[in-house]
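One structure follows; several queries about it will come next.
The values are calculated or read from the model by the stated rules, or taken from the named source; none is laboratory data. All values reported here derive from a predicted model rather than from experimental measurement. Cβ: placed from backbone, ideal geometry, glycine included. Neighbour counts: every protein chain shown.
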Amino acid sequence: MRGRAALRIPPGSNLTGVAGRRGGEAGHRTGGFGVAAAAGGAACTVNVDNKQGHLAVAQNNYHLNALASDSRNFSKVDALLCLQRIAKSTTRYDLLVLDPPPRFSQKSAWAFEAERDYGRLLAECIPACARGGKALILAGLNALTVDNEKFAAFVGEAEQRSGAVIRVLEQVGAGNDYPHCPHRPTARFALLEVDHNGPEA
């Protein structure tokens, strides 16, 4: 989901368990996860990216999949700034998709390096997660040197920073259409369950 080509989600490829829930995707590029969530019956989806070209591709992918959308589904803003704004608002999401590039700094509050800062960025997602239930984060990581042990350390760092309990439900690698290259970051994803500590804010 890193290219900018049109994306058609085949029937039966919907994200499961999203019907009636609120979903947000940060660093979305083609909006593929948002498309899958919307096709799965999500009550709303919000796709965040700081590049208008990526948003245009995402809008086209919603159209190609016959999914209703309007300007509220697409937000041209830095994902980190967006997460910080959500934390100060009353908006919360049942499912968040975090899929940042290996590094970014332009228009961001700090320079992000996946192999160093992923735990900190993951912690920024926690305040946006719904309380009163167990919200889910689909966490994507693109880094050359991060193994399972290091990823677990990132999750632990996010727990420490946020005060929430984060459980790793499942980890998966890239699909067959994304072959491994030893000189480029390999996509990996983990489904995380977020359980807030303390009373609801």
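Sort out which residues of segment 147-176 are within 22 Å of GLY32 (Cβ to Cβ) and more than 17 Å from the chain's Cα centre (by Cα), and write them in order of number.
Result: GLY175, ASN176.
Take the residues of segment 74-119 that are among the polar types (S, T, N, Q) and modelled with pLDDT under 85: which is nearest to LYS134 (Cα to Cα)?
The extreme case among them is SER108.
Looking at PHE74, PHE112 in this structure, which one is buried (at least 21 other Cβ atoms within 10 Å of the Cβ), under 23 Å from THR30 (Cβ atoms) and in contact with a Leu (Cβ under 7 Å, 6 or more places away or on another chain)?
PHE74
Same structure, new question: Filter segment 182-201 down to residues that are among the hydrophobic types (A, V, I, L, M, F, W, C) and within 19 Å of ARG116 (Cβ to Cβ) and give me whichever is modelled with the highest pLDDT.
ALA190
Give the residues of segment 41-53 that are buried (at least 20 other Cβ atoms within 10 Å of the Cβ) and not polar (S, T, N, Q), sorted by residue number.
Within segment 41-53, ALA42, VAL46, VAL48, ASP49 meet the criteria.
While we're on this one: Looking at segment 143-154, can you tell me whether even one residue there is over 23 Å from ASN47 (Cβ atoms), surrounded by 21 or more Cβ atoms within 10 Å (Cβ to Cβ) and modelled with pLDDT of 85 or more?
Checked against the condition, which is being over 23 Å from ASN47 (Cβ atoms), surrounded by 21 or more Cβ atoms within 10 Å (Cβ to Cβ) and modelled with pLDDT of 85 or more, segment 143-154 yields at least one hit.
Sort out which residues of segment 155-181 are of a type in the set (A, V, I, L, M) and either at pLDDT 80 or above or surrounded by 19 or more Cβ atoms within 10 Å (Cβ to Cβ) (or both), and write them in order of number.
VAL155, ALA158, ALA164, VAL165, ILE166, VAL168, LEU169
Of the residues that make up segment 128-137, is at least one out of contact with any Cys (no Cβ under 8 Å at 6 or more places or on another chain), more than 20 Å from VAL46 (Cα to Cα) and touching a residue at least 60 places away in the same chain (Cβ under 8 Å)?
yes
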